[in-house]
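A short write-up of the structure that comes next.
The values are calculated or read from the model by the stated rules, or taken from the named source; none is laboratory data. What you are looking at is a predicted structure, and each value in this text was computed from that prediction instead of being measured. Please note: Cβ atoms are built from the backbone with ideal geometry, for glycine as well, and neighbour counts cover all protein chains shown.
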Amino acid sequence: MTIIKKFEPELPQKRISKKLVVSILACLFVLTLVQIWVSNTLVSYGEKFERLSSLEQTLKTANQILENEIAKKASLTNLATESAELGFYKQESIQYIR
């Protein structure tokens, strides 16, 4: 008995070249670094925005207090009181000078 083995030609398998693998890994590394940088930048801008928002609220509150003080000092009752303290009084009769 004779054993005959038929050899079929092997098709060349497509292999991924080392350059391609290294290039893909380098791109992934660079993209990872970019992602870290973007995340860090967003966090720092968020903190700056939060500080500016709190400063804005503080300034609005101070501005409202100042507006209230101006309104109080410019009120007619306050002006009448201060003018009386300075010696001014309301004239009952008007005198005209010719």
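Could you say whether any residue in region 85-98 is assigned to a helix (DSSP H, G or I), hydroxyl-bearing (Ser, Thr, Tyr) and free of Cβ contacts under 8 Å to residues at least 24 places away in the same chain? So that I can check it myself, show each step before the final result.
So in region 85-98, the residues assigned to a helix (DSSP H, G or I) come out as 85.
Restricting the remaining residues to those that are hydroxyl-bearing (Ser, Thr, Tyr) gives none.
Looking through region 85-98, none of the residues is assigned to a helix (DSSP H, G or I), hydroxyl-bearing (Ser, Thr, Tyr) and free of Cβ contacts under 8 Å to residues at least 24 places away in the same chain.
Provide a single number: the residues in region 1-54 that are part of a loop (DSSP other than H, G, I, E, B) and hydroxyl-bearing (Ser, Thr, Tyr).
Initially, region 1-54 is screened for residues part of a loop (DSSP other than H, G, I, E, B), giving 1-17.
Then drop every residue that is not hydroxyl-bearing (Ser, Thr, Tyr), which leaves 2, 17.
The qualifying residues number 2.
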Next item on the list: Considering every residue within region 61-77, establish whether at least one is among the hydroxyl-bearing types (Ser, Thr, Tyr) and not in a helix (DSSP H, G or I).
Entry: yes
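Considering Lys14, Lys19, Lys5, which residue is at pLDDT 90 or above, of a type outside the set (Asp, Glu), out of contact with any helix residue (DSSP H, G or I) (no Cβ under 8 Å at 6 or more places or on another chain) and exposed (fewer than 10 other Cβ atoms within 10 Å of the Cβ)?
Of the residues listed, the single one that is at pLDDT 90 or above, of a type outside the set (Asp, Glu), out of contact with any helix residue (DSSP H, G or I) (no Cβ under 8 Å at 6 or more places or on another chain) and exposed (fewer than 10 other Cβ atoms within 10 Å of the Cβ) is Lys19.
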